[in-house]
Amino acid sequence: HEQELQRAREIQQSLLPKEIPQLPGIAVATAWQPALAVGGDYFDVLRLDGNRLAICIADVSGKGVAAALLMANVQASLRASVRDLDSPARVCGIVNGMLRESIAGNKFVTFFCGVLDANTRTFRYCNAGHPYPILVSDGAAHTLDEGGAVLGVFPSWDYQDSSVNLKSGDRLLLFTDGITEAEDAQGEEFGVERVAAFGKAHATRSAAELTEQLLAQVSDFCGAQFQDDATLVVLAVN
């Protein structure tokens, strides 16, 4: 069992980006806290050209080697769809179709994919059943709550693109449910409200500081006993 967990962890780590590409005027930072049992969190930051990045975060159902291998399938499907990343919704449709052909009947993937453009300061995105990102802007926090169904379940789901304009000082927090569902000793979850409150209270911090400090706060909250992988991707507009 320990060898299986170690192998799954090695697979998972090998799929995560070693370096995070950056854009002029917009910083991107990531953090990943593995749980004791191997889950299926995945994130990726891909350079499309000098002014655009593709940013994705996902969580596959299940744990162990099966989850890690399914995550590898998601990554392969995503990277095979790079030419379509002008439309994150099209990418969701392609990955959904690929997963439907290979995924077990009781498995699914939550997936969020966006294209960040430093020239226009726009973020075009599609959400397939993933926890809603939180945008902190002008001292207020709100969720990007447009979205569709999880991947791998509905073969002909029609995914739609959404877009948000970013401005100086904005902070965008993307996360998996390992963040919000981390529990304290009494069984209370960290929750979306605490993530939003943290974002508002620390909106002047850098992307790297936000990821490091939010993950530390969640770890303190749950006594470092993460029941699921916890992943963060933070965008900071200068």
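The values are calculated or read from the model by the stated rules, or taken from the named source; none is laboratory data. The shown structure was predicted, so the numbers you read here are calculated from the model rather than taken from an experiment. Don't worry about glycine lacking a Cβ; one is built from the backbone with ideal geometry, like all the others, and counts go over all protein chains shown. With ligands, DNA and RNA removed, areas are computed over all heavy atoms of the protein, side chains included. Shrake-Rupley method; radii C 1.70, N 1.55, O 1.52, S 1.80 Å.
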Pairs with Cβ under 9 Å, 6+ apart, first in the stretch 211-222 and touching a residue at least 24 places away in the same chain (Cβ under 8 Å) and closer than 14 Å to D177 by Cα, second open to solvent by 10 Å² or more (accessible area, probe 1.4 Å) and among the charged types (D, E, K, R): V218/R194; C222/E183; C222/D184
Extreme residue, modelled with the highest pLDDT, among residues of the stretch 182-198 that are surrounded by 17 or more Cβ atoms within 10 Å (Cβ to Cβ) and assigned to a loop (DSSP other than H, G, I, E, B): F190
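Can you find even one residue in the stretch 143-163 that is farther than 25 Å from P88 by Cα and open to solvent by 20 Å² or more (accessible area, probe 1.4 Å)?
Within the stretch 143-163, not a single residue is farther than 25 Å from P88 by Cα and open to solvent by 20 Å² or more (accessible area, probe 1.4 Å).
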Conditions (1) touching a His at 6+ places or on another chain (Cβ under 9 Å); (2) part of a helix (DSSP H, G or I); number of the one not met by E212: (1)
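Results for (1) in contact (Cβ under 8 Å) with a residue 40 or more places away in the chain; (2) in contact with a helix residue (DSSP H, G or I) (Cβ under 7 Å, 6 or more places away or on another chain); (3) not in a strand (DSSP E or B), shown as yes or no for each residue.
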site	(1), (2), (3)
Q3	no, no, yes
K18	no, no, yes
W32	yes, no, no
I55	yes, no, no
A58	yes, yes, no
Which numbered condition N119 fails, given (1) open to solvent by 50 Å² or more (accessible area, probe 1.4 Å); (2) without any contact (Cβ under 8 Å) to a residue 40 or more places away in the chain; (3) not in a helix (DSSP H, G or I); (4) not aromatic (F, W, Y): (2)
Residue within the stretch 96-103 that is on the phi < 0 side of the Ramachandran plot, open to solvent by less than 40 Å² (accessible area, probe 1.4 Å) and not aliphatic (A, V, I, L, M) present: yes
Sole residue being among the aliphatic types (A, V, I, L, M), crowded, with 20+ Cβ neighbours inside 10 Å and at pLDDT below 85, chosen from A67, A54, A35: A67
Test for T110: is it crowded, with 17+ Cβ neighbours inside 10 Å, within 23 Å of P34 (Cα to Cα), at pLDDT 95 or above and out of contact with any strand residue (DSSP E or B) (no Cβ under 6 Å at 6 or more places or on another chain): no
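Is it the case that some residue within the stretch 65-88 is of a type in the set (K, R) and touching a helix residue (DSSP H, G or I) at 6+ places or on another chain (Cβ under 8 Å)?
no
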Check on R205, modelled with pLDDT of 95 or more and not in a helix (DSSP H, G or I): yes
Filter result (within 19 Å of L215 (Cα to Cα), in contact with a strand residue (DSSP E or B) (Cβ under 8 Å, 6 or more places away or on another chain) and surrounded by 12 or more Cβ atoms within 10 Å (Cβ to Cβ)) within the stretch 13-32: L16, I20, A27, V28, A29, T30, A31, W32
The stretch 199-221: number of residues that are open to solvent by 10 Å² or more (accessible area, probe 1.4 Å) and either within 26 Å of L5 (Cα to Cα) or not acidic (D, E) (or both): 16
Conditions (1) assigned to a helix (DSSP H, G or I); (2) out of contact with any Phe, Trp or Tyr (no Cβ under 8 Å at 6 or more places or on another chain); (3) at pLDDT 95 or above; number of the one not met by R79: (3)
Subset tally (residues that are open to solvent by less than 40 Å² (accessible area, probe 1.4 Å) and farther than 22 Å from Q3 by Cα) for the stretch 70-93: 13
